[in-house]
Amino acid sequence: MKVVATAIPDVRLVEPKVFGDDRGFFFESWNRRTFAALGIDADFVQDNHSRSARNVLRGLHYQIEHAQGKLVRVLSGEIYDVAVDLRRGSKTFGKWVGFPLSSETRQMAWIPPGFAHGFCVLSEHAEVLYKTTDYWSPEHERSLAWNDPQLAIPWPLTAAPILTAKDATGKRLADAETYA
C-alpha cells in the first residue's frame, strides 16, 4: 500500500496494491497492521454502504460527540469526496480538501475524527462503502452547509444537487458546532 498526501496532512489517500490477471483482481482493503504502519491506527466498529444517483450530494456530516474517523472507498462509479477540518486547535481549521474517488482507481480516503465529510456522485450511480471508528449517534449528528460561501467548495455537479432536508439546512461554518 501507498499513501498519497493531500493538502490537509491528516487526510490521506491510500492506494492499495492490486493484484490482477485475466480472472480479475484482488486487493486488501483493510489490514490493521499495514494501515498502522502507514500512520492510520484505527479501530473500526461499523461499515456503511450507500448507493446514489448522479448529482446526489451527501453531507457534509459529522458527529459533535462520538466523532467518527472514516475509511471511504467506492465500489462502483465515481464520486467527488470532501473533508472539512472542524478541529479549532488545528492549523487547518476551516479548510477543506476534495478529490475524486472511483472504483477504477480503487483509492481510499482516510478522514480522521474531527472532520465533516461529504461527497457528490459524478457517475450515473455510485456505491460507496465506508468504515467508521465510532457508531452512528443520531442525537449528535450535525450537517455543515455544503454551499457555505466561506468554504467555497467547487462541487463538480452537472445540475442542482439532490439533497435531503437535513443537508439542505446545514449550518455555515461560522455558526456550526466544532471540536475543541
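Rule-based calculations on the coordinates, nothing more; no lab input. All values reported here derive from a predicted model rather than from experimental measurement. Heads up, the Cβs are rebuilt from the backbone with ideal geometry, glycines too, and the neighbour counts pull from every protein chain shown.
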Student exercise, the chain dipole from Lys, Arg, Asp, Glu Cβ charges, in Debye to nearest 20: 300 debye
Of all DSSP beta bridges in the chain, antiparallel share, percent nearest 5: 95 percent
Order of T169, T6 - criterion: other Cβ atoms within 10 Å of each residue's Cβ, fewest first: T169, T6
Unit Cα scatterers, Debye sum, the chain: log10 I(q)/I(0) for q = 0.11, 0.12, 0.14, 0.17 Å⁻¹: -0.45, -0.53, -0.74, -1.10
Spin-label model distance (nm) - L157 vs K2, 7 Å beyond Cα toward Cβ: 3.4 nm
Potential lengthening between D47 and T105 on full extension [0.36 nm per residue; Cα-Cα distance subtracted]: 18.8 nm
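How much length is gained on full extension from E124 to F27, taking 0.36 nm per residue of separation minus their Cα-Cα distance? Numbers along the way, then the final one.
Working: separation 97, 0.36 × 97 = 34.92 nm, distance 2.51 nm.
Difference between extended and current length: 32.4 nm.
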